[in-house]
Each structure stands twice: as C-alpha cells, then as structure tokens.
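Undergrad: Structure below; questions to follow.
The values are calculated or read from the model by the stated rules, or taken from the named source; none is laboratory data. The model shown is predicted, which means the values in this text are computed figures rather than measured ones. Cβ coordinates were reconstructed from backbone atoms using ideal geometry, including for glycine residues, and neighbour counts include every protein chain displayed. Side chains included, ligands, DNA and RNA excluded: accessible areas come from the protein's heavy atoms. Shrake-Rupley method; radii C 1.70, N 1.55, O 1.52, S 1.80 Å.
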Amino acid sequence: MSRGGAIAIFARTPGLGPVKTRLAADIGAQQARAFHRLAIAATAETVRRFVTAHPAWTARFAVAEAEGVGDAFWRPFPARHTGGGDLATRLWRVSEALLAVHGRAILIGADSPQIIPADLEAAAAALERHAWVLGPAADGGFWCCGLARPLPRAVWRAAPFDRHADGSSARVAAALIDAARAAGFPPPARLRRLHDVDTADDLDRLAGEWPDPAAESPQQARLKAWIAALRARSAPARRHGLRDGVKAAPAVGPGPCALFRAPPSV
C-alpha cells in the first residue's frame, strides 16, 4: 500500500443512552451493553493492528454523542463527534472530513467484530484502484465502506438506514450502489460478505466467520468466550420460549476498554 488514509469506527458511548436495542430485545439491555463494549474493544484492536502495520494509515472513533467524545472509554484512538442528524448525514459528514485531510477513508462500525487486519488491508488495497469499496453484510447492509473520493450527501441519504420495521434496511447496500451509479460513480469493489450483530440469532452466525485461534486477538477471544457463556446459560430459557431477561454472562464494566483514552481530533 503506497498511500495512506484514515479509518473511522462509528460507535455510541456506553452509558449515555440505549445501545443495540434490537439485540437488547432478545437478551436484555444489560447483556446488550456488555456485547457493545466487547465488540468495540475487539474492533478497535483489529484496527490498531492494521495501523501499526501500515503507519501511513490512522484511525479515529466517530462518536455519536458530543458529550461522549472525552470519555475514557475511547482508546487507543482520538474520538471525534459525528455531528447531529441521521446516520446517512453522519456518515457523509465524517467521510467528507477524513477525505479532506487524509485523502482516503474507511468507515466501519463495531457490529462485525470478527473482522481481521486482512479485511482492512483488502479495503485499503482496493482504494488504490477503485473510487470506492463496500463490504456487504448478510442482512443487506454493509460492514465497511471505503472511499477514495466523496460520495455526495444525496447518495448517502438514498440508502434506507434504520428502516427495519418495513424491511427497507435490507436494501441499504443496493440502494447506496444504485444512487452512486446515478451520480456517476462506478460500481464499488467488493470485500467478503460478513454477518453483523443486530439480534441474538446473529451471535450464532458469527461462529462460521470467526478468526482461527492463532489469528484472533485477545479481545476477540474474550468476546468469543462471552458469547459462548451467554448461549450456554440462555439455552434453558430458549427451550421455554423466553427471550427477555436472560441471566447470562456477567455484564462488562469499564475494564475491557480501560486503555481507551485519547484527545478529540479529526
């Protein structure tokens, strides 16, 4: 990789509001918060390994809440507020800022914590040859969007983010590609298809995509063990048709991300 760029990890600050609400409907809010913390820690470690190996690249957390930017949770990267508005607006705003400073941008969340540095290397390599790259998610969305040139705001807004009730969110990636094509963009390069975690069933689907033990990070190993404990302890409840209030693995406090502190920056 001859050129660098910046990676933004989009996330909500634990403790400042509900997180993973669809997952919480299945396993309870406490356990959803625990998953949220562990998934961010695992994703951040994968990104840290990538930028360590490729120092021309840098990384930032893109934090949903202005008051969360200075939270001690956000290490080892600087945190920057995404600004207000819907998800499409926030993706557009952050990508514009990163492209203006760094020339290339990779946008990810923490809902696919099974990613490994090779996934980010594939995205960065694709941007050497393509205007943009997309990592499709199994639910019709995407787990990664990389850009070598900015997508217009109207393109982002054409994608039906967060419209789960009517099923429109299953067309997020397709709608984004269609709108980009209408705006004169070529089709994106494609990364491997992955699951992201929105519901309890998605936790089971991660197993087939999880890194080998030799390749997984300690943070991924911890998340894998937490998921296994959750599934084992919730098995009796599932057999009786129960969904909420499952007593599973202990919730995670500040410990997993106690090393995540950095000043705000673009």
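Undergrad: Work out the length of the dipole vector of the stretch 14-88 about its Cα centre, built from +1 on the beta-carbon of each Lys and Arg and -1 on the beta-carbon of each Asp and Glu, and round it to the nearest 20 debye. Don't jump to the answer; show the numbers that get you there.
TA: Details: 9 positive and 6 negative charges, 52 e Å.
Its charge dipole is roughly 240 debye.
Undergrad: Here is a follow-up. Any idea how far apart A174 and D204 come out in nm if each label point goes 7 Å out from Cα toward Cβ?
TA: The modelled label-to-label distance comes out at 2.6 nm.
Undergrad: Around A179, with a cut-off of 14 angstrom between Cβ atoms, what is the net charge of the other residues, counting Lys and Arg +1 and Asp and Glu -1?
TA: +3
Undergrad: Tell me the per residue accessible area of the stretch 1-105 using a 1.4 Å probe; a whole number in Å² is fine.
TA: 36 Å²
Undergrad: Cβ under 9 Å from A64's Cβ, A64 left aside: what net charge do those residues give with Lys, Arg +1 and Asp, Glu -1?
TA: Its environment carries a net charge of +1.
Undergrad: Would you tally the net charge around L91, using a Cβ to Cβ cut-off of less than 13 Å, leaving L91 out, and scoring K and R as +1, D and E as -1?
TA: It works out to a net charge of +1.
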